[in-house]
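What follows is a set of notes on a single structure, which appears directly below.
The values are calculated or read from the model by the stated rules, or taken from the named source; none is laboratory data. Note that the structure is a prediction, hence the values are computed from the model and not measured. Cβ coordinates were reconstructed from backbone atoms using ideal geometry, including for glycine residues, and neighbour counts include every protein chain displayed. These accessible areas exclude ligands, DNA and RNA; they are computed on the full protein's heavy atoms, side chains included. Shrake-Rupley method; radii C 1.70, N 1.55, O 1.52, S 1.80 Å.
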Amino acid sequence: MKRFTSVALLNVLTLAPLPAQRTATPGEKIKVPEGFAVELLYSVPRDQQGSWVAMCQDDKGRFIVSDQYGSLYRFPAPPANKALDPATIETIDLPIGHAQGLCHAFGSLYVVVNSRSSRTGSGVFRLLDTDDDDKFDKVVSIKELDAPGGEHGPHAILPTPDGRSLMVVLGNQTQLPRDYTHSRVPELWGEDQLLPPMEHFMKGARAPVGHIAQIDPEGESWEIIATGFRNQYDAAFNREGELFTYDADMEGDLNTPWYRPTRINHVISGADFGWRTGSAKFPEHYRDTFGAAVDIGPGSPTGVCFGYGAKFPRKYQEALFACDWSYGKLYAVHLSEKGSTYGGSFEEFASATPLPLTDILINPRDRAMYFTIGGRRVQSGLYRVTYRGKEGVGLPKQSTLPRHSPRASRQKMELLLRKGARLQTPEDLARLWTNIADGSDRGLRHAARAVLEKHPVELWKAFVLGEEDINRAALGLIALARADGLRSGGEVIGKVLEFDYLKIGGKQDRLNLLRALILALARGGTPQGEIGGRLLVWLDGIYPAASPGENRELTVLLAFLGAPSVVPKAIALLENSTSQEEQITYAMNLRFMKEGWTPALRVKYFRWLARADNYHGGPRFRAYLADIRRDAMASLPADKKTPELERILKTKARENWPQFSSKPRKFIRSWKMEDLQGLLGAGLEGGRNFANGRKMFGVGSCHVCHRFRNEGGAVGPDLTAVSGKFSPHDLLESIVDPGREISDQYGASVFSLRNGEKVVGRIMNLNRKRDGTGGDVYRITTDMMRPNETRAIRAEEILSIEPSGISMMPPGLLSIMTDNDILDLLSYLLSSGDPKHHLFEN
């Protein structure tokens, strides 16, 4: 277990006096790995200097910072073991501020403004020193941007590794400039879903939004590198010149099928990362998007940087550091090559309550890490992190990229996405087509598909329609449906129907075929005549399929086509599922169906809606369920409301523990470790029932808090890799006795209030009151099973915050399972590498 130097794990974390919160959290209260030390260098007087959200260094090593709603400031790096001298802080006296991105490059300061209320408006600006007096005296507008202000607009700016240009990071409320010069992303923008989305944030927003652009120093070019982000705040290049960002989740979507945790994205050229509003987000298995390198969990991503140059142990020099504003955590992400792209793991490097991290950098002069906290007018501060332990801190060796490595191959293909680049001969196109066959490398296949889509369809359509290999053909059909769905949609469908779906061994190949069909219908419309009839027969013959992921796609396809046969099959799937997300998917996709119902099926459907009233999720979870109910009621003919159905519709569910199985389960036993540990040896050998194990994951309410294989909640640890971390005994013990060992990353705190009350929970968000009374306000989640229910506590009410020794995971979750059910659950969690297990993945 990781050891920490901070005494905060053992002693009370005292924040008194908190009424005005005039100082930032002390450095010694911040938990860091053994050997590291944190210094609070400066508590920002927010009435004078605001709340700092962006930071960079100039060519003299001086720091430049920005108040989110005010000015820019410059000061020298504080000397070793000394705090920042306030007298050394100077205000940059120019009519510019409200910056969320700063970068000193090309002899000037680039400033990204995110505010319509600022004097400049949102955009990218360049500050110049025209008379060489070491003071900026001119503001040049590089690019005006269409962004409403707020916190989803333009953010960071950073130089490219070759020193010739800059990257600009823009959230999903920033429109693509109308005069952008080129897009490496194929300009085939679309929502690409068959049913109307349920949307409650940025309603009506349509692709492309959330992008990263490359610009020249004068801002004359604006090249789109990648799109489909939600709200990535910052980005960083690794030593190999590969770009990474930390994208935001949508907390309102927690515990829905379309929830995506905060995640580290490898920003490859030409990618659409799949953010769409509401329920229309692209799932991880869609191959017309590019997935995450590492899923982190819920949070609010801010600054990122690599540890290169830091006087840290080698693994931390190589780590990508990612700031989470909401939970006050700094993650060290350890990336590793995965073919032509990257995967990895992460650890909590620094944390405290509160610690609203905003930006981070490594100072090459003293080789220390610096980070800021602040934002939304809360108390801001500047910190320095140094290593004082005994482990070696030498610089790692530089690696060279082999000419024929997968990454080199991907980069070579991505050159064809640049302006003016084209394949020159039919032989070049044939070689590109062979790259699509490498099913094991998502990066290579993505690059090959994007290059195809950048070329005229007539050059490669025959390759797709004549291909017999399912691995290559399925991805080619996705490209053809995207690039020419209106004209070639019928041919895409006809080609799909040539394959015997039930004999296709790879689940991803099957999912790719279904995605090609969805794209052909979304872009080409409903097929008429003989091909439409053949499609319905083909779909009906393979539904239901072997995995929940396939069943979700098949349900929406059949519902879009109005096939009555989908109703009884989908209701059976809904009844048999114990996954909240899976159930919501079937209910959502049936909400417009008018044919195929019997009175008994309608009763089952609306009973589920009544039962779902006790399900919980993010802030918009109730609104999504209300949308399903509204649309289902609108699709229900008045003459079909039987007396039994009328009673169900009028009944208001009693608030109760959520029941994820269609039938209530009886209490079996209050299990203890001594009851079960004797079964672990032989009991886990042989063929356990993975399908029942997945079912128990829902019965035990595990998915409310935990993710497993891209499904489930995110307020607790992701259990996908649990087999590499826990023995069967340890995993069972953590379920039976959740308080025995509590993860620092997910531990709760005890908030002792001045009125004598104690509140146990985790800070989910914070801000400063704007009613004239001032003071920070913390929003505390007290029940992980109900992540949307938070309590607001003003800072002046709090006497102290201390770690809680009580787990927020409720005990007794196994009490409605038999011993065989428990063994199936353990086997399901521990056997994620078993190919049979993949049949029951999301």
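Across the range 180-205, the residues whose backbone nitrogen lies under 19 Å from the label position 7 Å along the beta-carbon direction of residue 526 are 192-197.
Beta-bridge orientation, the range 109-265: approximately 95 percent antiparallel, per DSSP, counting only bridges with both partners inside.
A protection proxy built from the mean count of other Cβ atoms within 10 Å ranks the segments 501-509, 177-185, 218-226, most packed first, as 218-226, 177-185, 501-509. A simple count of charges around residue 87, restricted to other residues whose Cβ falls under 15 Å of its Cβ and scoring Lys, Arg +1 and Asp, Glu -1, yields +1. Which entries of 203/594; 594/640; 412/454; 60/311 have Cα-Cα distances beyond 18 Å here? With Cα atoms farther than 18 Å apart: 203/594; 60/311. The label point for residue 421 and the one for residue 334, both projected 7 Å from the Cα toward the Cβ, are 3.4 nm apart.
Summing +1 for each Lys or Arg and -1 for each Asp or Glu, what net charge is found among the other residues whose Cβ lies under 13 Å from the Cβ of residue 489?
+2
May I ask you to order 255-261, 228-234, 752-758, 112-118 by the average number of other C-beta atoms within 10 Å around their residues, highest value first?
Sorting 255-261, 228-234, 752-758, 112-118 by mean packing, highest first, produces 228-234, 255-261, 112-118, 752-758.
For the range 363-432, applying the loop criterion from DSSP together with a ceiling of 14 other beta carbons within 10 Å to the GluC sites (Glu not before Pro) yields 391. Rounded to the nearest 20 debye, the dipole size of the chain about its Cα centre is 1400 debye, using +1 on the Cβ of Lys and Arg and -1 on the Cβ of Asp and Glu. The local environment of residue 264, defined by Cβ-Cβ distances under 10 Å, has a net charge of -1 under the rule Lys, Arg +1 and Asp, Glu -1. How many nm is it between the label spots at residue 81 and residue 622, if each spot is 7 Å from the Cα in line with the beta carbon? Those two pseudo-labels are separated by 5.7 nm. Under 17 Å Cα to Cα from residue 641, which aspartates and glutamates show up? Leave out anything in the same chain fewer than 8 places away. Reachable aspartates and glutamates: 595, 631.
Listed values for the range 281-297 are Karplus-derived 3J(HN,Hα) couplings in whole Hz (6.51 cos²θ - 1.76 cosθ + 1.60, θ = phi - 60°), namely 4, 6, x, 4, 7, 5, 8, 9, 9, 10, x, 7, 6, 8, 7, 9, x, and x replaces Gly and Pro.
Solvent-accessible surface of the chain, averaged per residue with a 1.4 angstrom probe and all protein chains in place: 39 square angstrom. The amide H of residue 799, built 1.01 Å from its N in the peptide plane, has 752, 753, 754 as neighbours under 5 Å, considering only residues 5 or more places off or on other chains. Starting from the Cα of residue 34, step 7 Å toward the Cβ, then list every residue of the range 376-397 with an amide N under 20 Å from that point. Residues passing the 20 Å test: 386-394.
In nm, to one decimal, how far is the residue 164 label point from the residue 651 one, both placed 7 Å along Cα→Cβ? About 6.9 nm, to one decimal.
For the chain, the carbon plus sulfur part of the accessible surface works out to 50%, probe radius 1.4 Å. Segment residue 367..residue 659, full-extension length gain: 99.7 nm, with 0.36 nm per residue of separation and the alpha-carbon distance subtracted.
Ranked by the mean number of other Cβ atoms within 10 Å of their residues, highest first, the peptides 698-711, 87-100 fall in the order 698-711, 87-100.
Extension gain, residue 462-residue 607: 0.36 nm per intervening residue step, less the Cα-Cα distance, totals 47.2 nm. For the range 359-456, averaging the sequence separation of C-alpha pairs within contact (under 8 Å, six or more residues apart) and dividing by the residue count gives a relative contact order of 16 percent.
Candidates 673, 545, 286 compared by Cα position along the dipole of the chain: farthest toward the positive end lies 673, with charges placed on Cβ. Need the list of aspartates and glutamates near residue 390 for cross-linking: C-alpha distance under 12 angstrom, and skip anything on the same chain fewer than eight residues off. Excluding near neighbours in sequence, the set is 34. Just want to confirm a number: the relative contact order over the range 205-276, from Cα pairs under 8 angstrom separated by 6+ residues, in percent. Over the range 205-276, the number comes to 32 percent.
Measuring between alpha carbons in the structure, the pairs from 31/758; 672/695; 495/604 lying more than 26 angstrom apart are 495/604.
For the chain, adding -39500 (n - 2.57) for each run of n ≥ 4 DSSP H residues and dividing by the number of residues yields -7500 deg cm²/dmol at 222 nm.
Estimated translational diffusion coefficient (Stokes-Einstein, Kirkwood radius over Cα pairs, 25 °C, 0.890 mPa s) of the range 152-262: 162 µm² per second.
Applied to the range 454-471, the Karplus parametrisation 6.51 cos²θ - 1.76 cosθ + 1.60 on θ = phi - 60° returns per-residue 3J(HN,Hα) values of 7, 9, x, 4, 4, 6, 10, 4, 5, 4, 5, 6, x, 7, 9, 6, 5, 4 Hz, with x for Gly and Pro.
When the Cα atoms of the chain are aligned to their principal axes, the ranges along those axes come out at 78, 72, 54 Å in descending order.
Pairs of Cα atoms nearer than 8 Å and 6+ residues apart set the relative contact order; for the chain it is 11 percent.
Given the C-alpha atoms of the range 370-511, compute the convex hull and give its volume per residue in Å³. Numbers along the way, then the final one.
Working: hull volume 37.0 nm³, N = 142.
Per-residue hull volume (Cα only) is 260 Å³.
Expressed in units of 2.2 N^0.38 Å, where N is the residue count, the Cα radius of gyration of the range 208-317 is 1.15. 3J(HN,Hα) couplings calculated from phi for the range 825-830 with the Karplus curve 6.51 cos²θ - 1.76 cosθ + 1.60 (θ = phi - 60°) are, in sequence order, 4, 4, 5, 4, 6, 8 Hz; Gly and Pro show x.
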